[in-house]
Each structure stands twice: as structure tokens, then as C-alpha cells.
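Below is one structure, written out as C-alpha cells; the observations come after it.
The values are calculated or read from the model by the stated rules, or taken from the named source; none is laboratory data. The structure presented is a predicted model; accordingly, all values stated were derived computationally and were not measured. Note that each Cβ is placed from the backbone with ideal geometry, even for glycine, and that neighbours are counted across all protein chains shown. Accessible surface areas use protein heavy atoms only, side chains included; no ligands, DNA or RNA. Shrake-Rupley method; radii C 1.70, N 1.55, O 1.52, S 1.80 Å.
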Amino acid sequence: MADAGDLRQDYLPIAEHGLVGDLHTVALVGTTGTIDWYCCPAFDSPSVFGRILDVEKGGYYALRPEGEDWQSKQLYFPDTNILITRFFTSDGVGEVQDFMPIEAVATSMHRHRLIRRVVVVRG
């Protein structure tokens, strides 16, 4: 399990990341609630967030509890590419659900969306 102490590290280990994608590109989501790598619209596009390579200038997007008294765990919703990062605090449990929808219609204009859903589980 990850905890708030992981925020003090410059670089989160690669094993502390989950992966979501839409068959065109992917995003790496850290157990600390950060998107540390995301290239859009394709795998070889310039990065939007690149913190995994450069903690100073790479950029990231974070959704996580306030304060330093929390732990987190990541899992995939069964049989899907929906990544759940669950945060455990003394006041309750919350989660961030990340996914990238795959377009069912074959078009040359694919909408690349990275969706983050915040849910209060308890508390």
C-alpha cells in the first residue's frame, strides 16, 4: 500500500503506477493519485504530463486527499481497464476511477478522453 509519505519522494517507482488507455495512447496513474505520464493523441505524441521523466518540469495532475494521514491501493474493476485508486483516511474512504473510453465507431477523428471520477465510499 502506498501512503502520503510517497509524496516526499522525487520519483514514484514504476511499480506504483496503473495504466489506462484507449488503444491509441495511455496514461500512467500513480498510487498517490497523480497522472505522471500522458501523451495525446497518440503514443508518440509530445507528453501532456511527464513527471515520471522530469519531476521539476514534467507536470502532473493530482486528485488525492488533503493532509498526510492516508494510504492508498490500486486495483482494476474486474474485466475492464477501469483503474481504481482507493484512499483510506481516518475519516473515511474515497476513490478515484480513471479510464479512457474506446470509440465503437470507426472514424478518423477519435476523441481522446481521459476521465477521472471521484467517489466517496464511506465518511
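Residues in the range 6-24 that are within 18 Å of Tyr76 (Cα to Cα) and under 15 Å from the mean Cα position of the chain (by Cα): Ile14, Ala15, Glu16, His17, Gly18, Leu19, Val20, Gly21, Asp22. Name the pairs: first residue in the range 59-70 and under 19 Å from Gly92 (Cβ atoms) and at pLDDT below 90, second residue in a loop (DSSP other than H, G, I, E, B) and aliphatic (A, V, I, L, M), Cβ to Cβ under 8 Å, at least 6 apart or on different chains? Listed pairs, sorted by first residue: none to list.
Taking the conditions exactly as written (in contact with a helix residue (DSSP H, G or I) (Cβ under 9 Å, 6 or more places away or on another chain) and open to solvent by less than 80 Å² (accessible area, probe 1.4 Å)), does Gln97 satisfy them or not? Answer is no for this residue. Anything in the range 59-74 that is more than 15 Å from the chain's Cα centre (by Cα) and open to solvent by less than 100 Å² (accessible area, probe 1.4 Å)? List them, or say none. If the condition is that a residue be more than 15 Å from the chain's Cα centre (by Cα) and open to solvent by less than 100 Å² (accessible area, probe 1.4 Å), then Gly67, Trp70, Gln71 are the ones that fit.
Residues are listed down the side, and each one gets a yes or a no for (1) in a loop (DSSP other than H, G, I, E, B); (2) more than 13 Å from Val20 (Cα to Cα):
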| position | (1), (2) |
| --- | --- |
| Arg51 | yes, yes |
| Pro65 | yes, yes |
| Leu75 | no, no |
| Asn81 | yes, no |
| Gln97 | no, no |
| Pro101 | yes, no |
| His112 | yes, no |
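Among all residues of the range 75-83, there is none that is among the polar types (S, T, N, Q), closer than 27 Å to Arg122 by Cα and open to solvent by 80 Å² or more (accessible area, probe 1.4 Å).
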